[in-house]
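Report on the structure given below.
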Amino acid sequence: MLADPLSIPNSLAIAIGSNDAAPTPTVEVQLRTFDAALGRSVRVGNLSTLITGAHKATMTISHSESKENKGILTDRSATRLEVRKSSADSPDVIAQATLTVSTPRSSFTAAEVKSITLALMSFLTIQSDGTDYVFNTEMLDRILAGEP
């Protein structure tokens, strides 16, 4: 299993906003460290400034070994952001998003896996008009709407 390569800060700030033609204000969310162990860290915070009714956000980062590449050990890192929200229908509803990255211990360099990950993240959130890149979640919107 991978050891956590970085020290874990007491809190993590996430700046959320856009820099497109009609910029939205950047909102900073603090997620404080709740639990940390070898191979896993958990941070909690509140996203109510972004999501109406949200009362708890939990970001979990975990590392494990995977056997998905037959005969080649693979390190898997998963980052999950889970948000709990209260509504009239239910006192505690959960939505989550997870990014999982698998890094074979041979055949791919860490830089190549980083490039693959950044390419996916850019595909979901960046758009080019041929001369510039802007924040745009149209592709992510299409996927969430059910595009295969």
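The values are calculated or read from the model by the stated rules, or taken from the named source; none is laboratory data. Quantities reported herein were computed from a predicted structural model and do not represent experimental measurements. Here the Cβ positions follow ideal geometry from the backbone for every residue, glycine too, while neighbour counts run over all protein chains shown.
What to note about this one:
- Applying the criterion of being aliphatic (A, V, I, L, M) and free of Cβ contacts under 8 Å to residues at least 40 places away in the same chain to the residues of the range 52-82, the residue that is surrounded by the most Cβ atoms within 10 Å (Cβ to Cβ) is ALA57.
- Of all residues in the range 36-51, those that are buried (at least 18 other Cβ atoms within 10 Å of the Cβ) and at pLDDT below 80 total 1.
- Set PHE108, PHE135: member being without any contact (Cβ under 8 Å) to a residue 12 or more places away in the chain, aromatic (Phe, Trp, Tyr), surrounded by 11 or more Cβ atoms within 10 Å (Cβ to Cβ) and out of contact with any strand residue (DSSP E or B) (no Cβ under 6 Å at 6 or more places or on another chain): PHE108
- Restricting attention to the range 91-143, the residues that are assigned to a loop (DSSP other than H, G, I, E, B) and either farther than 30 Å from HIS55 by Cα or in contact with an Asp or Glu (Cβ under 9 Å, 6 or more places away or on another chain) (or both) total 10.
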